[in-house]
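The values are calculated or read from the model by the stated rules, or taken from the named source; none is laboratory data. This one's a predicted model, so the numbers in the text were calculated from it and none came from an experiment. Note: ideal-geometry Cβ built from the backbone for every residue, glycine included; neighbour counts use all protein chains shown. Accessible surface areas use protein heavy atoms only, side chains included; no ligands, DNA or RNA. Shrake-Rupley method; radii C 1.70, N 1.55, O 1.52, S 1.80 Å.
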Amino acid sequence: EGRDKQVREEQTPTLRNFLTARDVARLLFELETGVAVNQKYSEKAKSLMKRDFAVEDTKEYDSIRGFLGESLPRDSVELYSKPGWTSGSRQDAAIIYDTVSGARYILVVIGDDKGYSTDEDIFPAISGYVYEQMSQLGG
């Protein structure tokens, strides 16, 4: 849609978005530290990403199932995320706080292949592993 589609149609070979996982992680870091635009707007942007596990459970297409938040403990984690999913890709970017261990980290996974779009287990598996490792390190 929009400009991204125009860019792809005008280019040979077809081009897609050039945003990398590192770029997204940097943006989340700047939101977290309050330097993306300024403190007020960084906090506003981050607040739009806040995920309430109970509310997400009521949605047909939620931001948890099949994404990074699914394998996290709901009773001790604060999750701020921006998932995405198309017929040919799956991606999620998250700021994760664990109130028990004190772990705080950013995790971004971009799967640009149809296999990721249909695999609802891989992102939770990656996130569960990273959570396990980060919670051992603590805050």
Taking segment 92-116 and keeping only residues that are within 18 Å of Tyr131 (Cβ to Cβ), assigned to a strand (DSSP E or B) and not aliphatic (A, V, I, L, M), one is left with Asp92, Tyr97, Asp98, Arg104, Tyr105
Of the residues in segment 108-130, those that are more than 17 Å from Ser63 (Cβ to Cβ) and of a type in the set (Ser, Thr, Tyr) number 2
Qualifying positions in segment 38-67 - aliphatic (A, V, I, L, M), surrounded by 14 or more Cβ atoms within 10 Å (Cβ to Cβ) and not in a loop (DSSP other than H, G, I, E, B): Ala45
When Ser47 is run through (1) at pLDDT below 95; (2) farther than 20 Å from Gly128 by Cβ, the failure sits at (1)
When you check Ser101 against the structure, is it under 14 Å from the mean Cα position of the chain (by Cα), among the small types (Gly, Ala, Ser), open to solvent by 20 Å² or more (accessible area, probe 1.4 Å) and more than 23 Å from Thr20 (Cα to Cα), yes or no? no
Candidate set from segment 84-98 (those that are more than 22 Å from Lys44 (Cα to Cα) and open to solvent by less than 10 Å² (accessible area, probe 1.4 Å)); member that is farthest from the chain's Cα centre (by Cα): Ser89
Please count how many residues of segment 1-37 are at pLDDT below 95, small (Gly, Ala, Ser) and either open to solvent by 60 Å² or more (accessible area, probe 1.4 Å) or closer than 18 Å to Val109 by Cα (or both). 1
One residue is enough: does segment 104-117 have a residue meeting the conditions among the acidic types (Asp, Glu) and farther than 20 Å from Ala21 by Cα? no
In segment 68-83, what residues are open to solvent by 50 Å² or more (accessible area, probe 1.4 Å) and part of a strand (DSSP E or B)? Glu78, Lys82
Residue check: is Ser117 within 25 Å of Ser42 (Cβ to Cβ) and of a type outside the set (A, V, I, L, M, F, W, C)? no
Looking only at segment 31-75, and only at residues there that are small (Gly, Ala, Ser) and touching a strand residue (DSSP E or B) at 6+ places or on another chain (Cβ under 7 Å), the one that is farthest from Thr99 (Cα to Cα): Ser63
